[in-house]
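First the structure, in the form of structure tokens, and then the observations on it.
Just so you know, all these numbers are worked out from the coordinates, no wet-lab data involved. A quick note: this is a predicted structure, and the numbers were derived from the prediction, not measured. So basically every Cβ, Gly included, is an ideal-geometry build from the backbone, and we count neighbours across all protein chains shown.
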């Protein structure tokens, strides 16, 4: 079974995260409403079951909570994927959200990398700072040990642009974690 539970407790956050790659659902409470919305959309479009309970110093701002959830989610993906035998490994996706268009591509390679490009006129979507999307994705990519490229091609609405990014990454993960055989997908024999 491809499941993982990660607990992360720091002076700034207290997170319990449960991930099941082979069932669907979302039960998420982070204290940041818009982030909950993005993570629920992420779980739905990744085709995963994601449970998160997080308490963070959101009276300061959302940075520590968003980044630490990215860390926990990345660690959970790494653990749940194990030796990665049989996975597709690579995926890419163009995803529209009304006037916005996002692109994502990834490689579950064992090598951590993020290339991110998006510009926002608005600084916030509700209680979520738009700059935190990059922080979340960096924490996710580096802790899951994936190579991730993300670009919001265009758009005018920060909500639509952010949601397109989360959904594009989720669709990539959905396709990359699929089991299509039994071998580790690498000419080296290991990832």
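Computed from Cα atoms, the angle from the helix 63-81 axis to the main principal axis of the chain rounds to 10 degrees.
Stretched out fully, how many nm does the piece from residue 179 to residue 156 gain, at 0.36 nm a residue minus the Cα gap?
Result: 4.6 nm gained on full extension.
Computed over the chain, the quotient of the alpha carbon radius of gyration and 2.2 N^0.38 Å is 0.97.
For the range 59-129, the square roots a ≥ b ≥ c of the C-alpha gyration tensor eigenvalues yield an a/c of 1.5 or more together with a/b not exceeding b/c, which makes the shape oblate.
Listed by Cβ neighbour count within 10 Å, with the fewest neighbours leading, 29, 88 appear as 29, 88. Would you give the gap between the C-alpha center of the range 73-92 and the C-alpha center of the range 116-165, rounded to a whole Å? The two parts, judged by their Cα centres, are 21 Å apart. Mean-square fluctuations from a GNM of the chain, with a 10 angstrom spring cutoff on Cα atoms, peak among 33, 155, 70 at 33.
For 51, 166, the sequence from fewest to most other C-beta atoms within 10 Å is 51, 166.
Sort 153, 1 by Cβ crowding within 10 Å, fewest neighbours at the top.
Result, fewest neighbours first: 1, 153.
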